[in-house]
Amino acid sequence: MDKLEKNIFLIFLVPALLVFAISYGFMAAAKDNPDFYLEDLEGNRDALKSITISGYLEDRYHGRYFEIKNGTVQSKFIYYQHRNDIAELNGYVNFSNGLRHNDFTFIYNYNFEISRGAKTEERPNENNHYNNNPSVRTSTVFTDSVDIYARITKTDDIYQNSTAILFDPGLRYKSNGMDIGFIKHEYFDSAGEKQGTTHHLNRETFPAFLPRMAMTVLNDELYFSIICTKEYSGRNGIYKAVNFEPWWQNSKYRGTVDIITSFDLDDTNMEVLGLEAVKDKLVLLLFEDNEFKARLYNTEGKVLDELAFNDITSEEGFPEYQGFVRDSYLNIYLKYANENRLNEKVILSIGIEGESLSHKHKVTEYSNQEMYPHMIASKDDMLYVIALTKNIEELSNYPSQVLTPGHLMIFAYKTDNDKTFLVYSGELVTDANQDYYRNLYINDMSFGYNSYDYREFHLIDVR
Amino acid sequence: MKKMYYLLNHDFRGLYRIVAVICIVLIALQQFLMIKSMDYYQNRFERYELLFSKSGCIIVFLVCFFILCGLCIFNVYSNYIESKSIYTLLTLPLPREYIYFSKLITYMVCFLTLLASQIISAWTGYGIISVFISSHGTVENIDLPVNNGLFLAFIRSDFFRIILPFGFRSFLSSFAMFTGLVCTVYYAAILERSRRYFRFSVVILSLSLIIFSLIHRINSLAMLGLYENDYINVLTAALFLTTAFIIYDSLRLIKKSAVV
């Protein structure tokens, strides 16, 4: 006992250090111990021999960089010490309402205004003081015609410099009835003098698909077009953002926009779906008279070539679109929201050679799985699709689609004699799905959700 | 060196029983809280690191941590007030640095023991919960406990990332915070004993750096991270420099017999 007391310091120190040493040993061993393998589901893995698939499986605390080379999976653990270590934040470029290029983020928005000379009808609101504030009087103005203005904000990565473009493309939406509501606020000072009036579109009353924007970067310059359906009138086109101005600039239209080409929507039955830069050209994706077309432009706005797909139409609704540009290929994913075509997914590959377009691959898939493509790439006569799929059965156990685990699927298609068929499908199996178990049987989502708390696949690439 | 070793054991003998009790209470209480939290069915699907924090285990750790801080301060004062053993030590024919470093290392080992107990508690808790989940069949097609769950908890929990950092920069930062805190607590007691009240600004500076480091470490992975990547390196360097000054000044005060 006396000997123990004489060495009591070491009796505590050594086990404490051992606990740390064993824990670090355990962590060093465990970091390379996840489930991470490729499971073949259909066909032969040899179909992947000519490509390398790479990407990250990461949450905000750690990541796993992986490569599938010659059909073999290799991966490496990465510990994140700062948010800048998160691979996606440094590499991701396409947002739902904008894109990032050269340390700048471009975000689009639209301003809606009642068309000049349009019929209006003002109806008082139940409580005609906004938030019971006597200096703000509120009412609703209904109209049948709305002018749409495009706004693009350019911010640097640390949100210190923000400049903008506010541009009038001449786009208009005209409704058959007086059903588009604007919330009108009138501001008064303490003497009851009117100081100003604002109108904001009540989006719930807008009867059509709200416009979105197709943005792409070519030679470090931002080109854009407005995604809108055939219900819109006026003008649309391809535009180049030339100069952004500070947001406090006191002018109605800020910045400078060059019109590359312009279309009269009253004379044509045209719906713009997307705009992509491939090599030094622009490809406009559109429906004209309900028929899907890819139109090749140079940067002066001259049409160089056009490719039409008469079996892809917008008659039953406007599809969702995602584009992937690899080398001289534009790969397109189309998904219909229409009930009759809910399970239909179209994957197209268009080649751009010189000043001409060529049809490379086309696949139409019918499946009740939700599919979120990460990358579509063409190589010679092969088409590769890397996509996250979510099972309908699994969806029923979780509170929402985003909180349901997915499966990273790899599909390889081959085109022979103008026919494209599946030659391989496999799943990159990981234990990342277990991150979602905590959402099982939870209906209340009021506490919010941070996707970076879950391991997700990011920056998937095919070389 | 023998004298130093003797001193270390001498100082540690006065503390180890209470430290052992604190560590045992920490482990036992955390296991109890985690087992209780499993009564709520949905917690069986919860991640271990979230279950750990939701059940109140981090609060238990913090309480034990501050008790240990108080114990160290009490130990310094008891040497001067109760036993007056410090005056005996000061008359011994050994360098005064030995007296300072033996106390400092003793306190560090006390804190190290607490941190090790926390890790043991995490291991034990994970084991108990794994057995609990395995023995209570949960849902079809769901593999529980999850693969590599304890490792993921160590990697994903802000709390465990500070105690058991896995990256080099994070390790340096945690090491700087840990040594800085122990030196600062001891330095504060020395300053008070030697009535150098103005130098409490250094104590405030050191504690501020520790707090900033903690805030940065917890927020550095937040999506709206307001801190630049290299702030943590600057904070760690500043903390090491402050700690070096604290050790230098503590030694100066002890050598000058300014401590009464």
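Among the residues examined, residue A:337 qualifies as of a type outside the set (S, T, N, Q) and surrounded by fewer than 21 Cβ atoms within 10 Å (Cβ to Cβ). Among the residues of the range A:53-67 satisfying the criterion of being of a type in the set (Ser, Thr, Tyr) and surrounded by 19 or more Cβ atoms within 10 Å (Cβ to Cβ), which is nearest to the other protein chains (Cβ to nearest Cβ)? Checking each candidate, the answer is A:61. Among all positions in the range A:31-52, there is no residue which is of a type in the set (Ser, Thr, Tyr) and buried (at least 20 other Cβ atoms within 10 Å of the Cβ).
Scanning the range A:248-258 for any residue that is at pLDDT 90 or above and exposed (fewer than 14 other Cβ atoms within 10 Å of the Cβ) turns up nothing.
In the range A:1-30, how many residues are assigned to a loop (DSSP other than H, G, I, E, B) and surrounded by 13 or more Cβ atoms within 10 Å (Cβ to Cβ)?
Of the residues in that region, 1 qualify.
In the range A:1-13, the residues that are at the interface with another protein chain (Cβ under 7 Å from one of its Cβ atoms) form Cβ pairs under 6 Å with partners that are among the aliphatic types (A, V, I, L, M), at six or more places apart or across chains, as follows: A:9/B:8; A:12/B:109; A:13/B:109. Pull up the range B:1-15, narrow it to residues that are in contact with a helix residue (DSSP H, G or I) (Cβ under 7 Å, 6 or more places away or on another chain) and in contact (Cβ under 8 Å) with a residue 12 or more places away in the chain, then point me to the one that is nearest to residue B:59 (Cα to Cα). Filtering the range B:1-15 for residues that are in contact with a helix residue (DSSP H, G or I) (Cβ under 7 Å, 6 or more places away or on another chain) and in contact (Cβ under 8 Å) with a residue 12 or more places away in the chain, the one nearest to residue B:59 (Cα to Cα) comes out as B:15.
Of all residue pairs spaced 6 or more apart or on separate chains, those with beta-carbon atoms under 7 Å, a first member in the range A:427-443 that is more than 7 Å from every other protein chain (Cβ to nearest Cβ) and farther than 15 Å from residue A:396 by Cα and a second member that is of a type in the set (Lys, Arg) and crowded, with 19+ Cβ neighbours inside 10 Å are A:432/A:455; A:435/A:455. Applying the criterion of at least 1 residues that are of a type in the set (Phe, Trp, Tyr) and under 23 Å from residue B:184 (Cα atoms) to the helices (runs of 4 or more DSSP H) found wholly in the range B:1-90 leaves B:2-13, B:16-37, B:57-80.
A quick yes/no check of all residues on (1) closer than 30 Å to residue A:313 by Cβ; (2) surrounded by fewer than 18 Cβ atoms within 10 Å (Cβ to Cβ):
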| site | (1), (2) |
| --- | --- |
| A:139 | no, yes |
| A:153 | no, yes |
| A:169 | yes, no |
| A:172 | yes, yes |
| A:180 | yes, no |
| A:185 | no, yes |
| A:197 | no, yes |
| A:206 | yes, yes |
| A:213 | yes, no |
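Within the range A:406-425, track down each residue that is crowded, with 21+ Cβ neighbours inside 10 Å and under 25 Å from the mean Cα position of the chain (by Cα). Matches in the range A:406-425: A:406, A:408, A:410, A:411, A:412, A:413. Condition first: under 19 Å from residue A:85 (Cα atoms) and crowded, with 21+ Cβ neighbours inside 10 Å. Can you find one or more residues in the range B:191-212 that meet it? The answer is no, given that none of the residues of the range B:191-212 is under 19 Å from residue A:85 (Cα atoms) and crowded, with 21+ Cβ neighbours inside 10 Å. One residue is enough: does the range A:36-50 have a residue meeting the conditions in a strand (DSSP E or B), within 26 Å of residue A:326 (Cα to Cα), touching a Gly at 6+ places or on another chain (Cβ under 9 Å) and without any contact (Cβ under 8 Å) to a residue 40 or more places away in the chain? No, the range A:36-50 contains no residue that is in a strand (DSSP E or B), within 26 Å of residue A:326 (Cα to Cα), touching a Gly at 6+ places or on another chain (Cβ under 9 Å) and without any contact (Cβ under 8 Å) to a residue 40 or more places away in the chain.
Applying a threshold of 7 Å to beta carbon distances and a minimum spacing of six or more residues, or different chains, the list of pairs starting in the range A:101-117 at a residue that is more than 18 Å from residue A:144 (Cβ to Cβ) and ending at one that is aromatic (Phe, Trp, Tyr) reads A:110/A:149; A:111/A:149. Screening residue A:226 with (1) modelled with pLDDT of 90 or more; (2) under 30 Å from residue A:83 (Cβ atoms) gives one miss only, at (2).
Looking at A:24, A:92, just one residue is out of contact with any Asp or Glu (no Cβ under 8 Å at 6 or more places or on another chain), more than 8 Å from chain B (Cβ to nearest Cβ) and not basic (Lys, Arg), and that residue is A:92.
The values are calculated or read from the model by the stated rules, or taken from the named source; none is laboratory data. Just so we're clear, the structure is a prediction, and the values are computed from it rather than from any experiment. FYI the Cβ positions are ideal-geometry reconstructions off the backbone, even for glycines, and counts take in every protein chain you see.
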